[in-house]
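Have a look at the structure below, then the notes.
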């Protein structure tokens, strides 16, 4: 691919985070919040076409975070209770219906604060090589998000409904996926204990 790529960045921040004490998206991180930190990191990748999917606690999040209209587009999935798959489908549907003709969609999570701009740029660079239509991140025993999907495959994500994320699509196209290894940069923050452990280590 020699042309300049047009990538939509989709930050998933719609979850209820039942195992956390408080709103996970707004938990403190390096002088701001987890979600705001993620937005700032991705602004370091590109200055436009950044979308945030909200759901649970959307009113509280809107009040707490300075969403600059010209830089970040807020999408609200009213069916967020149906799980991550529903929120991904909602975000993808909005992005692909725009007239921007994006080449691909980079799906990120709001609770992976150790990932930096250079990692996301590397994913886009790998995608731009044209070798495979998907670039995904390697966990210990699986591949997952952040993941970048070519437009034609991203359209299949619109069919997601339940709390399974993009796992089914990644499995279906595993042979056509470039794997990037973030190593220790990916940490799960699903419980208060996990959050406190990573916060105390990196803040």
(Q) What are the pairs with Cβ atoms under 9 angstrom where one residue, in the range 147-161, is touching a residue at least 24 places away in the same chain (Cβ under 8 Å) and the other, located anywhere, is buried (at least 24 other Cβ atoms within 10 Å of the Cβ) and assigned to a loop (DSSP other than H, G, I, E, B)? Sequence gap at least six, or different chains. (A) 147/166; 149/166; 157/166; 160/166
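Results for (1) within 18 Å of residue 150 (Cα to Cα); (2) over 17 Å from the mean Cα position of the chain (by Cα); (3) outside any helix (DSSP H, G or I), shown as yes or no for each residue.
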{"position": "4", "(1), (2), (3)": "yes, yes, yes"}
{"position": "8", "(1), (2), (3)": "yes, no, yes"}
{"position": "11", "(1), (2), (3)": "yes, no, yes"}
{"position": "17", "(1), (2), (3)": "no, no, yes"}
{"position": "21", "(1), (2), (3)": "no, yes, yes"}
{"position": "35", "(1), (2), (3)": "no, no, no"}
{"position": "38", "(1), (2), (3)": "no, no, no"}
{"position": "52", "(1), (2), (3)": "no, no, yes"}
Q: Taking only the range 170-192 into account, find how many residues are over 27 Å from residue 34 (Cα atoms) and part of a helix (DSSP H, G or I).
A: 5
Q) Quick one: which of 5, 34, 54 is over 26 Å from residue 203 (Cα atoms) and in contact with a helix residue (DSSP H, G or I) (Cβ under 8 Å, 6 or more places away or on another chain)? A) 5
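To keep it simple, each residue is scored yes or no on (1) at pLDDT below 90; (2) crowded, with 17+ Cβ neighbours inside 10 Å.
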{"position": "146", "(1), (2)": "no, yes"}
{"position": "150", "(1), (2)": "no, yes"}
{"position": "157", "(1), (2)": "no, yes"}
{"position": "165", "(1), (2)": "yes, yes"}
{"position": "174", "(1), (2)": "no, no"}
{"position": "181", "(1), (2)": "no, no"}
{"position": "188", "(1), (2)": "yes, no"}
{"position": "193", "(1), (2)": "no, no"}
{"position": "202", "(1), (2)": "no, no"}
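The values are calculated or read from the model by the stated rules, or taken from the named source; none is laboratory data. Values in this document were obtained by computation on a predicted structure and should not be read as measured data. A quick note on method: Cβ atoms are made from the backbone with ideal geometry, for glycine too, and the neighbour counts reach across all protein chains shown.
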